[in-house]
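The values are calculated or read from the model by the stated rules, or taken from the named source; none is laboratory data. In this text the structure is predicted, and so the values were computed from the model without any measurement. So basically every Cβ, Gly included, is an ideal-geometry build from the backbone, and we count neighbours across all protein chains shown. Quick note on the areas: whole protein, heavy atoms, side chains included, nothing else; ligands and nucleic acids left out. Shrake-Rupley method; radii C 1.70, N 1.55, O 1.52, S 1.80 Å.
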Amino acid sequence: MIENKTVFVIGAGIMGSGIAEIVAINGYNCYLYDISDKILDKAMNDIGNSIEKLKNKKVLNENKEDILARIKVTKSLKIDSKPSIVIEVAPEKMDIKKSIFSEIDGYYPDTEILASNTSSLSISEMASVVKMPEKVIGLHFFNPPVLMKLVEIIPGYVTSYETIEKAKNFVADLKKEVTMSKDYPGFVTSRMLAVIINEAAWMLYEGIASKEDIDKAVNLGLNHPMGPLALADLVGIDTLLHILERLHTGFGDDKYRPSPVLRNMVYSNRLGRKSGEGFYRYK
Ligand code: 3HC
């Protein structure tokens, strides 16, 4: 059982704000950290809009204001509370993640779970910078967090059995399903996702089919909810390129060699929905 229902979410981008939303919807108090008011304002606005959509669909009964009141924004990593769970959702750079883990190490000695939402980086490496590596674990959510049913749990090399059980209980509290993965590049889901999207980008590069037909083929012929290129726009082209590079270097296998299309898109800030344009354009 998680006794103290306070969660500290570090990073208020699309995933961090979505995680804060689910946590608050499920009755937890949440602190949401980021470096600027602009990011935090956007996060709270997105959360409010998402709650409204869920209320319109009658998925939620509680007042929007009561849910929002459980989320407090902060620009400091040292908060005036004792979170039982910390979830790092910072950019996918090991240096940034390690610096966050080292800074918060010692601030919250009673914390039960120190989690990262990384999609492909090593949990064991992040754990190497804290005094209690047995409490560090991967809790990998999916975009959009409020709708997706899974959380992938990734114990690091020295994560304790107790931490794993607490993480499972926490995910159950959020009314999500769990799958377990060992701590190797891309775990299960990102490894699979990156290969599918990379193959679609290679097919586009080779002129096998148009982007619309690649997506339609996978959507209607294979029954995926979205085509791989539309999904790439949702996940973020930079995130995907990063996962592919991690898989390529981590396994030393050329089957993960990123398509040059993805590189060109990142160089040109065509990052998908978040930049307004990726494979498709967004308002
Ligand atoms: N909050 C609340 N409601 C939302 C929402 C949000 N954030 N996002 C979408 N919705 C609602 C829409 O408003 C819509 O409501 P309506 O039916 O009343 O109009 C409903 O959900 C369905 O949305 P859409 O009609 O826009 O589109 P879809 O029916 O295709 O559903 C989807 C959207 C759930 C995103 C679906 O397309 C899907 O499941 N796509 C695949 C997503 C996926 O694979 N995500 C995982 C990516 S990998 C990842 O995130 C891990 C990372 O680490 C790499």
Exercise. So which of Asp238, Asp233 is within 26 Å of Val89 (Cα to Cα), touching a strand residue (DSSP E or B) at 6+ places or on another chain (Cβ under 6 Å) and charged (D, E, K, R)?
Worked result: Asp233
Problem set entry | Complete set of residues in the stretch 146-158 that are within 14 Å of the ligand (Cβ to nearest atom) and open to solvent by 10 Å² or more (accessible area, probe 1.4 Å) | Val146, Leu147, Met148, Lys149, Leu150
Exercise. Which strands (runs of 3 or more DSSP E) sit wholly inside the stretch 95-186 and have at least 2 residues that are out of contact with any strand residue (DSSP E or B) (no Cβ under 8 Å at 6 or more places or on another chain) and among the polar types (S, T, N, Q)?
Worked result: none
Exercise. Can you spot a residue in the stretch 196-218 that is open to solvent by less than 30 Å² (accessible area, probe 1.4 Å), in a loop (DSSP other than H, G, I, E, B) and at pLDDT 95 or above?
Worked result: no
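With the structure loaded, tell me whether Asn223 is open to solvent by 70 Å² or more (accessible area, probe 1.4 Å) and within 14 Å of the ligand (Cβ to nearest atom) or whether it fails that test.
Working: open to solvent by 70 Å² or more (accessible area, probe 1.4 Å): yes; within 14 Å of the ligand (Cβ to nearest atom): yes.
Criteria met by Asn223.
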Exercise. Has the stretch 48-55 got at least one residue that is within 22 Å of Gly236 (Cα to Cα), in a helix (DSSP H, G or I) and under 20 Å from the mean Cα position of the chain (by Cα)?
Worked result: yes
For this session: Quickly run through the stretch 54-107 and pick out the residues that are within 15 Å of the ligand (Cβ to nearest atom) and in contact with a Ser or Thr (Cβ under 7 Å, 6 or more places away or on another chain).
Result: Glu88, Glu92, Lys97
For this session: Mind listing whichever residues of the stretch 115-170 are of a type in the set (A, V, I, L, M) and within 18 Å of Ile96 (Cβ to Cβ)?
Result: Ala115, Leu121, Ile123, Met126, Ala127, Val129, Val130, Val136, Leu139
Exercise. Would you call Leu60 closer than 14 Å to Val146 by Cα, touching a residue at least 12 places away in the same chain (Cβ under 8 Å), open to solvent by less than 30 Å² (accessible area, probe 1.4 Å) and in a loop (DSSP other than H, G, I, E, B)?
Worked result: yes
Exercise. Quick one: is Glu103 acidic (Asp, Glu), under 30 Å from Gly227 (Cβ atoms), without any contact (Cβ under 8 Å) to a residue 60 or more places away in the chain and loosely packed, with under 15 Cβ neighbours inside 10 Å?
Worked result: no
Exercise. For the stretch 159-171, does any single residue satisfy the condition of being buried (at least 18 other Cβ atoms within 10 Å of the Cβ), among the hydroxyl-bearing types (Ser, Thr, Tyr) and without any contact (Cβ under 8 Å) to a residue 60 or more places away in the chain?
Worked result: yes
Exercise. Any idea how many residues of the stretch 76-89 are outside any strand (DSSP E or B) and more than 12 Å from Gly11 (Cβ to Cβ)?
Worked result: 8
